[in-house]
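The values are calculated or read from the model by the stated rules, or taken from the named source; none is laboratory data. All of these numbers come straight from a predicted model, not from anything done at the bench. When we count neighbours, we look across all protein chains shown, and the Cβ atoms used for this are built from the backbone with ideal geometry, even at glycine. Surface accessibility is based on the protein's heavy atoms, side chains included, excluding ligands, DNA and RNA. Shrake-Rupley method; radii C 1.70, N 1.55, O 1.52, S 1.80 Å.
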Amino acid sequence: GAVVTRRRVRMADKVREAAQRIFANLPSGGGAPMGALGLGAVGLTGLAYGSANCLFNVEGGHRAVMYHRFGGVQQRVRGEGTHLVLPWFQRPVLYDVRAKPRMIQSLTGSKDLQMVNISLRVLSRPDPGFLPTIYRELGTDYDERVLPSIVNEVLKSVVAQYNASQLITQREAVSQRIRTDLLSRAREFHLELDDVSITHLSFGKEYTAAVEAKQVAQQEAERAKFVVDKAKQEKKSTVIKAQGEAKSAKLIGDAVRDNPGYIQLRRLEAARDVAGTLSKSTNKVYLDTQSLLLNVTDSRDVLLESHTKKK
C-alpha cells in the first residue's frame, strides 16, 4: 500500500510539473485559439493523471484487497496483473501470499517440571480466499499478531504432556503433535502452515548436570560389573587349572607305578629339548651324558629293580 502511494505521489508531481511548464510557455494574449490550447493542455494533464492513478499492478505471488471509501472492504480479491481503480474512492491493499519462514523461541516446562527451551521454524502464508477478512480483522501485519501467540500456546500445551527424557527419545512424535495442533489453531485465523519443525531443543543447567552425573554413575556401575565378572572368570579359571593339574599329577603317578618306562620316556624327551636348545646356540658347550640326561642304562636298571620289588 505504501509503495503504491509513493509511486502515485511521484507520478502526480511529474504531471503537475509538466502542466506548469506548459502553462508557463503559453503567451499571455491569444484569444480563442490560446484558450482552446489551454483547455487541451488541461485535458491532457487530467488524462495523464487519471491514467497514472486509475491503474495499479499486482506482482507475482501477491494479491490485492480493495478498500472503498463508501462501501468498506470489498470481498473480491484481485489476482496478478493490472487492474482499474477509482482514484480517491478506492485504495488497493497488497498482500504477499508466498510462504515466509519465521523462527519462534519459547521457554516452557515439561511434565516433570524441567525448563525446556524450544526453537520452532514455521513456514506460513495467508489463505488468499480470506484476505478481506484478514485485512478487516488483523491488518497487514497479521503474522506478527498471530504466530507468536499461537506458537507459544501450542508449545506450552504439548510440552507439558511429556517428560524431559521423552522430549528427546520421542522427538518425532512431539514434533508431529505440535504440527497438528498448530495447524488447527492457524486455520482459525485463515493462515496456512506449509512446514513446522523443531530446530533446537535444550534444557536447563540443573537438568543437564543431572543427566551427566547419571551417565557417569551408569558408566561406573558398568565398570564395577565388569570387574566382578572378570574376578569370577579368573576364579573359575584357577579352579579348572588346579583340577587339571591334580588330574595330571594323578595320571602321571599311575603311569609311573604301572609302567617304569614312562620316566625313561620323559628323560629322553627332556634330553631332546636340551639338545635342541644347545644346537641353536653359537657358543661351544661340552656336556656328558649325565648332564644331557642320556644315561639311560643306569636309570633303566634302577627302575626295573624297583618295579620287581613292588611286584
Order ASP258, ASP194, ASP96, most accessible first, counting only protein heavy atoms with a 1.4 angstrom probe.
ASP258, ASP194, ASP96
So who's got an amide H within less than 5 Å of the one on VAL73, skipping anything under 5 residues away but keeping other chains? H placed 1.01 Å off N, in plane.
HIS68
Contact order normalised by length for the stretch 55-129, with contacts defined as Cα pairs under 8 Å and 6 or more residues apart; what percent is it?
28 percent
Given the pairs LYS100/LYS156; LYS230/LYS250; LYS111/LYS214; LYS156/LYS205, which are separated by over 25 angstrom at their Cα positions?
LYS230/LYS250
What are the ³J(HN,Hα) couplings of the stretch 179-195, residue after residue, when phi is run through the Karplus curve with 6.51, -1.76, 1.60 and θ = phi - 60°? Round to Hz, x for glycine and proline.
4, 4, 5, 6, 4, 5, 6, 5, 5, 5, 10, 6, 10, 10, 10, 7, 7
How far apart, in nanometres, would the label points at LEU265 and THR199 be if each is projected 7 angstrom from Cα along the Cα-to-Cβ direction?
8.4 nm
Hz values of 3J(HN,Hα) by residue in the stretch 104-120 - Karplus curve (6.51, -1.76, 1.60), Gly and Pro given as x
10, 9, 9, 9, 9, x, 8, 5, 9, 6, 9, 7, 10, 9, 10, 10, 10
Whenever you get a sec, compute what percent of the accessible area on the stretch 88-211 sits on carbon and sulfur atoms (1.4 Å probe).
51 percent
In Å², rounded to a whole number, the accessible area per residue of the stretch 123-244 with probe 1.4 Å is 63 Å²
Which whole-number percent is the relative contact order of the stretch 101-182 (Cα, under 8 Å, 6+ apart)?
34 percent
Where a ≥ b ≥ c are the square roots of the eigenvalues of the C-alpha gyration tensor, would you call the stretch 78-150 rounded, which needs a/c under 1.5, or, failing that, prolate if a/b is larger than b/c, or oblate?
prolate
Round to the nearest 10 and report in Å² the accessible area of LEU86, as given by a 1.4 Å probe over the protein chains' heavy atoms.
90 Å²
Quick calc: nm separation of the 7 Å Cα→Cβ label points for ARG121 and ASP96 -> 1.8 nm
Return, ordered by residue number, the residues of the stretch 77-91 whose backbone nitrogen is under 19 Å from a label point located 7 Å along Cα→Cβ of HIS62.
77-88, 90-91
